[in-house]
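*Asks:* I am attaching a structure below and will ask some questions about it afterwards.
The numbers here are math on the coordinates, done by the rules we state, and not lab data. Quantities reported herein were computed from a predicted structural model and do not represent experimental measurements. When we count neighbours, we look across all protein chains shown, and the Cβ atoms used for this are built from the backbone with ideal geometry, even at glycine.
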Amino acid sequence: MLKKIFLIAAARPNFMKVAPLWRALEMGSTILQPILIHTGQHYDQNMSDVFFDDLGLPTPHVHLGVGGGSHAQQTSGVMLKFEELCLRDRPDLVLVVGDVNATMATTIVATKLHIPVAHVEAGLRSRDMTMPEEINRLLTDSVADLLLTPSADGSENLRNEGAAENRIHLVGNIMIDTLVHSIEKAKSLETFLQYDVQPQNYGVVTLHRPANVDDPATLKRILDVLTQVEIPLLFPVHPRTQAVLKQNNLIETCGLARSQIRLIDPLGYYDFMNLMIHSKMVLSDSGGIQEETTFLNIPCLTLRPNTERPITITQGTNEMATIESLPEQVDRILQGNWKKGTIPELWDGNTAPRIVKVLEEFLTK
Ligand code: UD1
């Protein structure tokens, strides 16, 4: 009898984590049957559909269509719809990834229905409770049955919080599976040429954290520093950031049209990877980009006060940055004076098959 696995996808950073899991479950297991559920947190063509196309994901079997809204609206919306689905079509296990609202919402619903949950990317901690993702991580990990960690520091965090050893499995970084799978194609595209920049002579910027973009004064201070950078900066703008730019007329006030900053629409997976691969540096407040740049050995500045991914600093090419520290750090990168990183253990492209093995053992014991 096949074991039914609900695989949960909700927002952009989930899709590149779900894709290798989908493949490994669909093709690499005779016991497990994946069912893909999209909660609908991200819904624009360039925030969702393009990733399904790029990454070879099938149309989701179920689309909960919950959409945006406040945290409570998103969380409760997913909980109500997901509970109905679980009651109607009970899975043997729910597989969640990352730290978005739906990760937590679906975990709580499943746990209360006594359906086991496995969390991919467990154990990461920023210790910053002002980040919604940290709350999602803590709540998810406190009840999930299987805690699948990307690196040893994640496993250690869980032990320190008292998680039983048999729940913790160090499996490696799932997002790197997608990168390994896609890198040749991503390299071969000519996306960056469309923006009239030279390889190794431009930067890539992404900003979407509420702490950086929700307050227009803060966003303006960041943009004022970025306009001083000497090389072109390609900046695919997240819908959250786009709204603040527009409503506050920041494109004009910050003189972006006269600067080296090129605002562009959000890109698909391959196009964005192509921009990163050929860039001199990346400046971002994303979680996953810290890991991708470490794997690619590209200097990364993370504009945040803390990170849940410290291994990208101790072992990789990432440094934390503030608005004040940025100019000096950018200078160091432009002068070629940056650390050489190494790739962390088990960031090797084979995390998904390791996860399938853990799930099979768990469900057949
Ligand atoms: C969410 C995640 C964050 C992740 C990010 C990646 C949570 C708590 N946050 O933040 O961890 O790093 O996704 O993007 O889950 N919007 C659109 N079109 C879309 C998607 C969003 O217009 O396709 C709008 C929403 O309506 C909302 C804003 O963008 O007004 C923010 O979206 P939301 O999903 O609430 O949070 P993100 O900032 O994307």
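*Asks:* Which number comes out as Rg/Rh for the chain once both Rg and the Kirkwood Rh are worked out on C-alpha atoms?
*Replies:* 0.96
*Asks:* Also, quick follow-up: Could you give the size of the charge dipole of the chain about its Cα centre, using +1 on the Cβ of each K and R and -1 on the Cβ of each D and E, expressed in debye and rounded to the nearest 20?
*Replies:* Numbers: 32 positive and 43 negative charges, 58 e Å.
Dipole magnitude for the chain comes out near 280 debye.
*Asks:* Shifting gears a bit: Pick out, from VAL18, ASN249, VAL213, the residue whose Cα sits farthest towards the positive end of the charge dipole of the chain, with +1 on the Cβ of Lys and Arg and -1 on the Cβ of Asp and Glu.
*Replies:* Final value for the positive-end residue is VAL18.
*Asks:* OK, next. About its Cα centre, how strong a charge dipole does the range 181-334 have in debye, to the nearest 20, once Lys and Arg get +1 and Asp and Glu get -1 at the Cβ?
*Replies:* 120
*Asks:* Taking H as built 1.01 Å from N, whose amide H comes closer than 5 Å to the amide H of VAL100, not counting residues under 5 places away?
*Replies:* Result for VAL100 returns nothing.
*Asks:* Let me ask you something else. Listing LEU147, LEU124 from the residue with the fewest other Cβ atoms within 10 Å to the one with the most, what is the order?
*Replies:* Details: LEU147 28, LEU124 24.
Least to most surrounded, the residues fall as LEU124, LEU147.
*Asks:* Amide H neighbours of THR206 under 5 Å, counting only residues 5+ apart in sequence or on other chains, H built in-plane at 1.01 Å?
*Replies:* LEU283, SER284, ASP285
*Asks:* Considering only HIS181, HIS114, HIS63, give the residue with the highest GNM mean-square fluctuation for the chain, with springs between Cα atoms whenever their separation is below 10 Å.
*Replies:* HIS114
*Asks:* Order these by the 10 Å Cβ neighbour count, fewest first: SER126, SER259.
*Replies:* Ordered by Cβ neighbours within 10 Å, fewest first: SER259, SER126.
*Asks:* Also, I was wondering about something else. In whole Hz, with x marking every Gly and Pro, tabulate ³J(HN,Hα) for the range 167-180 from phi via Karplus 6.51 cos²θ - 1.76 cosθ + 1.60, θ = phi - 60°.
*Replies:* Running phi through 6.51 cos²θ - 1.76 cosθ + 1.60 with θ = phi - 60° gives 8, 9, 9, 7, 10, x, 9, 5, 5, 5, 4, 5, 5, 4 Hz.
*Asks:* For ILE168, what residues show an amide H to amide H distance below 5 Å, using hydrogens built from the backbone and excluding near sequence neighbours?
*Replies:* Hits under the 5 Å cutoff: LEU147.
*Asks:* Starting from the Kirkwood Rh over alpha-carbon pairs, what translational D in µm² s⁻¹ does the range 55-195 have by Stokes-Einstein at 20 °C and 1.002 mPa s?
*Replies:* The estimated diffusion coefficient comes to 128 µm²/s.
*Asks:* Quote the charge dipole size of the range 1-70 about the Cα centre in Debye, to the nearest 20; the model charges only the Cβ of Lys and Arg (+1) and of Asp and Glu (-1).
*Replies:* Working: 5 positive and 5 negative charges, 69 e Å.
Computed charge dipole of the range 1-70: roughly 340 debye.
*Asks:* While we're here: Taking 0.36 nm per intervening residue step and subtracting the Cα-Cα distance, what contour gain separates LEU139 from GLN194 on full extension?
*Replies:* 15.5 nm
*Asks:* Test of understanding: ordering THR227, THR140 by Cβ neighbours within 10 Å, fewest first, what list do you get?
*Replies:* With the fewest neighbours first, THR227, THR140 line up as THR227, THR140.
*Asks:* For the charge dipole of the chain, defined by +1 on Lys and Arg C-beta atoms and -1 on Asp and Glu C-beta atoms about the Cα centroid, which residue among ALA186, VAL66, ALA110 has the Cα displaced farthest towards the positive pole?
*Replies:* ALA110
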